[in-house]
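Here, each number is a calculation from the coordinates, and none is a lab measurement. Predicted model, so just to flag it, every value in this text is computed and none were measured. Using ideal geometry, Cβ is built from the backbone for each residue, glycine included, and neighbour counts are taken over all protein chains shown.
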Ligand code: DQA
C-alpha cells in the first residue's frame, strides 16, 4: 500500500475564514476529510499535518522520510523563500507535488517564484481544494506505475 504525507504550511489552519474569495470557503479539516476519503478510495494510506512553524514542518518531513512513498505540500508563504524546507524535501528523496489553492501566477510578483518547485515532480495551482485530490491521484498513479 502506498503511503502519502500531506503537508500544509503557515496560515492554512485558518482556511474557511482567511480571504475566502482567494482560498475558498472550506476549512482545512473539511479539505483533509476529502483527502482521507480519496486516499481510501485509491487504496493509499494518507497522513495530513499542518504547522505555522518552519521547524515543525522540517521535523515532520525528516520523521516521515523513510515511512512514506511521496509527499504533497502546500508550503504557504514558505514556498517563496524557505530554502530550509526545500533542503528537507530534497533530502527525503521522494516524489513531491506542490499544491496551491490560488493561482499564484495571477497574484503579486513575490508569489510567482517557488524555491520548492524545482525539486518537485510537479505543481498544481489555482484549482482550489481540488488541487490536493488531483495531486493525490497523480502521485499514487505515478508511484504504482514505478513499481
Ligand atoms: C498559497 C499561496 C501562497 O502565496 C500564500 O502565501 C499561501 C497560500 C496557496 O495555497 O494559494 O499561504 O500557498
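Assorted remarks:
- Checking each residue in the stretch 6-18 for being under 25 Å from residue 63 (Cβ atoms) and assigned to a loop (DSSP other than H, G, I, E, B) picks out 9, 10, 11, 15.
- Of all residues in the stretch 57-82 being without any contact (Cβ under 8 Å) to a residue 40 or more places away in the chain and within 16 Å of the ligand (Cβ to nearest atom), the one that is nearest to residue 135 (Cα to Cα): 80
- Among the residues of the stretch 131-147, those that are touching a residue at least 24 places away in the same chain (Cβ under 8 Å) and over 25 Å from residue 26 (Cα atoms) comprise 142, 143, 144.
- The set of residues in the stretch 63-79 being touching a helix residue (DSSP H, G or I) at 6+ places or on another chain (Cβ under 6 Å) and either surrounded by fewer than 19 Cβ atoms within 10 Å (Cβ to Cβ) or over 14 Å from residue 13 (Cα atoms) (or both) consists of 65, 69, 70, 72, 78.
- The stretch 106-130 residues that are more than 19 Å from residue 95 (Cβ to Cβ), paired with ones that are assigned to a helix (DSSP H, G or I) and more than 10 Å from the ligand (Cβ to nearest atom) (beta carbon under 7 Å, 6 or more apart): 112/105; 127/134; 129/31; 129/34
- Taking the criterion of being at positive phi and surrounded by 16 or more Cβ atoms within 10 Å (Cβ to Cβ), the only residue of the stretch 15-39 that qualifies is 24.
- Criterion violated by residue 99 - all others in (1) free of Cβ contacts under 8 Å to residues at least 60 places away in the same chain; (2) within 13 Å of the ligand (Cβ to nearest atom); (3) more than 14 Å from residue 7 (Cα to Cα); (4) surrounded by 14 or more Cβ atoms within 10 Å (Cβ to Cβ) satisfied: (3)
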